[in-house]
Amino acid sequence: MLEVADASEHLDQSAVRQTHADLVGVPPLLCLTALRIDMAAEIREREDYTVKIIAVPVGYGSEAAFNRAFVRYCGESPGRWRARRAPDAAGPSVQLPAA
């Protein structure tokens, strides 16, 4: 049986990225970033956790890296995002740019 590690040796990474972008509409890294930021935004909205506590579980190595990614994709800091959110708003309102 072919293992995932064995199969990955035979894949052309650029072809995989292009196929993903063609099928999903955005490159894989942007898709991953969107998932991470959306998870963080949801946690930040529901819980009284600091950005430092949220950053690592959603896949960032540091608070600074998370803050940079959040600002890049949301246009504002996590703190400003949280402050402008209405207490009764349903779900995170993170809007990521298209590729």
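The values are calculated or read from the model by the stated rules, or taken from the named source; none is laboratory data. Values in this document were obtained by computation on a predicted structure and should not be read as measured data. Positions of Cβ are backbone-derived with ideal geometry, glycine not excepted, and every protein chain shown enters the neighbour counts.
What number of residues within region 42-72 satisfy the criterion of being modelled with pLDDT under 90 and within 28 Å of Thr19 (Cα to Cα)?
0
Quick one: is Ala69 under 12 Å from the mean Cα position of the chain (by Cα) and more than 28 Å from Ser14 (Cα to Cα)?
Values: under 12 Å from the mean Cα position of the chain (by Cα): yes; more than 28 Å from Ser14 (Cα to Cα): no.
In short, no.
Report, ordered by the first and then the second residue, all pairs with beta carbons closer than 8 Å, sequence separation of six or more or different chains, a first member in region 13-38 that is free of Cβ contacts under 8 Å to residues at least 40 places away in the same chain, and a second member that is part of a loop (DSSP other than H, G, I, E, B) and of a type in the set (A, V, I, L, M).
Within 8 Å, the pairs are Arg36/Val58.
I need every pair where a residue in region 62-87 that is closer than 17 Å to Thr33 by Cα has its Cβ under 7 Å from the Cβ of a residue that is of a type in the set (Gly, Ala, Ser) and surrounded by fewer than 17 Cβ atoms within 10 Å (Cβ to Cβ), sequence separation at least 6 or different chains.
Asn67/Ser77; Phe70/Ser77; Val71/Ser77
Do we find a residue being surrounded by 15 or more Cβ atoms within 10 Å (Cβ to Cβ) and in a loop (DSSP other than H, G, I, E, B) anywhere in region 47-58?
The initial filter retains those residues of region 47-58 that are surrounded by 15 or more Cβ atoms within 10 Å (Cβ to Cβ), namely 51, 54-55, 58.
Those left that are additionally in a loop (DSSP other than H, G, I, E, B): 58.
Yes - at least one qualifying residue is present in region 47-58.
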